[in-house]
Amino acid sequence: FLFVPAVEVKIEVVIPEKERSKEEMSPNGKASPLVYKVNGTARHYHLEEHPIASNPYHNPKDVVEASVCHVKDLENGQMREVDLGCGKALLIKENGEFYATGHKCPHYGAPLVKGVLSKGRVRCPWHGACFNISTGDIEDFPGLDGLPRFQVKIEKERVYIRASKQALQTQRRTKMMAKCISLSNYNLSSTNVLIVGAGAAGLVCAETLRQEGFSDRIVMCTMDRHLPYDRPKLSKSMDSHPEQIALRPKEFFRTYDIEVLTEMQVAAVDIKNKTAVFKDGFKMEYNKLLLATGNTPKALSCKGKEVENVFNIRTPEDANRVVKLATSKNVVIVGASFLGMEVAAYLTERAHSVSVVELEEVPFKKFFGERVGRAVMKMFESNRVKFYMQTEVSELREQEGKLKEVVLKSGKVLRADVCVVGIGAVPATGFLKQSGINIDSKGFIVVNKMMQTNIPGVFAAGDAVTFPLALRNNKKVNVPHWQMAHMHGRVAALNMLAHGMEISTVPYLWTAMFGKSIRYAGHGEGFDDVVIQGDLDELKFVAFYTKSDEVVAVASMNYDPIVSKVAEVLAAGRTIRKRDVE
């Protein structure tokens, strides 16, 4: 899909069947949390070895072969889901060649047949992850695993696929990784790579290093109690337990010698001596450093802000506690942000009442524009959510220490048993102020296209950075999205290994509310017009965000795979003009 002339965008739009019910479910089975407690000197762990990956075809009983179609059944550029009896595969024809891979996106299980095929890769219709059709490797995120690929042969004009039954069942493939050589020889207080932060950026950095054959020590540290988990789930499915949303099971970290220090906060970085100083005084020397600390939610500054039952959603425990306290009670959400609106949507069926307080006149106005914002607001109102717009909180009132009322500047008093604050966040970079690492006026770590800071050997990634966005003429931007954090981690790892890799990915995000998703690709900051096709009232639309004459971003609801299609066009470096979509 190379270019989008006006007609093509209109014709290529496909409205899907009801496919989304399973979409926001976790892809992971039950993974158990691993908490490396750090007390005294017991900071070092000998990690057992038991490899996860194995050759899918080593057991002949595990192999199935089936004739799936005639060679002429598929045109070039077509994909088809085919059944092999004990599982399905995705059959693809491109440039006269046939390829077969897993048919589900390993991230949340989206059907890839409904995605976008372009130049040797398929892009997921739901969240934009991309997979190479000949290797199965993941090339853009979210998610951590690639697709299994299967052997294709042509005999007497028929197409046959030979596949491992196990791979057909799992529909995911973890890339082979190196391990650490002779871990026992290490000095406890030094590591080759130190990763500060255990979100998507930190984890993908560690995994990429191992995938590329790096066999030296890797230590990740996090203020969290848990191993890396699927943070977007905290506001989308709030009663998930940590082990249900773990990105990798604890055995994975043991197998690939990725050490995780939990509940450990870095208080300072000494770049001259290449040392991180922890809050408890412990010091660790590093050779390469990744700063992936994410951000800290803004708190309310009004009178009574210290009363009980006022939450920022930072951890699975926060989310679980809010659900418990909100059941059959009155909830007030401060801030119609992504987090605030997702929490409001999640709690409507459980709470007695849900109210949203917001300074703007419409939710998401700066991000999605006024018309889309109004359509979303209407959807919430039809689900019993009350909005108090163009006002803010002046006081939180308590009874016996616990929240009882939220007082607004407009004078309105709302009954409230629980309050969730979603008024934005600031980068968690205060500890770097005196470090010599370049930080901008808003507190973001400044990096180049290789995710390098101004200090050699120090890289930064994720929500706490500004980086040059190829899509917007290398303008320095902050893109605090899950997909982008994954890509930052990957690029940082490759450049720690001197690959000279530059970031060029197209931002992609989604939000889920009342079982519906809005997908979004591009970077719409500063858009001056919105071209809408479809029906906003029916919540079946695509919105193109333009600046001057150029489409800079796209959002859609119930219009897959248009956002993935536009993301592919932008990723190819092509410009979509306003006249092409009007």
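The values are calculated or read from the model by the stated rules, or taken from the named source; none is laboratory data. Bear in mind the structure is a predicted one, so any value in this text is a computation, not a measurement. FYI the Cβ positions are ideal-geometry reconstructions off the backbone, even for glycines, and counts take in every protein chain you see. These accessible areas exclude ligands, DNA and RNA; they are computed on the full protein's heavy atoms, side chains included. Shrake-Rupley method; radii C 1.70, N 1.55, O 1.52, S 1.80 Å.
Sort out which residues of the stretch 447-470 are over 15 Å from Ala292 (Cβ atoms) and open to solvent by less than 10 Å² (accessible area, probe 1.4 Å), and write them in order of number.
Across the stretch 447-470, the qualifying residue is only Leu469.
Looking at (1) buried (at least 17 other Cβ atoms within 10 Å of the Cβ); (2) at pLDDT 95 or above; (3) in contact with an Asp or Glu (Cβ under 6 Å, 6 or more places away or on another chain), which is the one condition that is false for Arg162?
Unmet condition: (1).
Yes/no per residue for (1) farther than 30 Å from Ala89 by Cα; (2) among the small types (Gly, Ala, Ser); (3) in contact with a Leu (Cβ under 6 Å, 6 or more places away or on another chain):
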residue	(1), (2), (3)
Thr174	no, no, no
Ser190	yes, yes, no
Val204	no, no, no
Thr208	no, no, no
Leu227	yes, no, yes
Lys233	no, no, no
Glu251	no, no, no
Glu263	yes, no, no
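Looking at Met513, is it touching a Leu at 6+ places or on another chain (Cβ under 7 Å) and either crowded, with 18+ Cβ neighbours inside 10 Å or on the phi > 0 side of the Ramachandran plot (or both)?
For Met513, the condition - touching a Leu at 6+ places or on another chain (Cβ under 7 Å) and either crowded, with 18+ Cβ neighbours inside 10 Å or on the phi > 0 side of the Ramachandran plot (or both) - is not met.
Check Ala178 against each of (1) in the same structural domain as Gln483 (by the TED database); (2) open to solvent by less than 50 Å² (accessible area, probe 1.4 Å); (3) part of a loop (DSSP other than H, G, I, E, B) and name the one condition it does not meet.
(1)
Quickly run through the stretch 69-79 and pick out the residues that are assigned to a strand (DSSP E or B) and surrounded by fewer than 16 Cβ atoms within 10 Å (Cβ to Cβ).
Hits for the stretch 69-79 are His70, Gln78.
Tell me whether the stretch 185-199 contains one or more residues that are out of contact with any Phe, Trp or Tyr (no Cβ under 8 Å at 6 or more places or on another chain), of a type in the set (S, T, N, Q) and more than 20 Å from Val63 (Cβ to Cβ).
Yes, the stretch 185-199 contains at least one residue that is out of contact with any Phe, Trp or Tyr (no Cβ under 8 Å at 6 or more places or on another chain), of a type in the set (S, T, N, Q) and more than 20 Å from Val63 (Cβ to Cβ).
Take the residues in the stretch 277-303 that are in a strand (DSSP E or B) and among the β-branched types (Val, Ile, Thr), then tell me which one is most open to solvent (accessible area, probe 1.4 Å).
Thr296
Checking Ser355 against (1) touching a residue at least 12 places away in the same chain (Cβ under 8 Å); (2) polar (S, T, N, Q); (3) surrounded by fewer than 19 Cβ atoms within 10 Å (Cβ to Cβ), which single condition isn't satisfied?
(3)
Can Phe131 be described as more than 18 Å from Val64 (Cβ to Cβ), of a type in the set (Phe, Trp, Tyr) and either free of Cβ contacts under 8 Å to residues at least 60 places away in the same chain or not in a loop (DSSP other than H, G, I, E, B) (or both)?
yes
Can you tell me which condition Pro125 does not meet? The list is (1) on the phi > 0 side of the Ramachandran plot; (2) touching a Gly at 6+ places or on another chain (Cβ under 8 Å); (3) in contact (Cβ under 8 Å) with a residue 60 or more places away in the chain; (4) not β-branched (Val, Ile, Thr), and all the others hold.
Single failed check for Pro125: (1).
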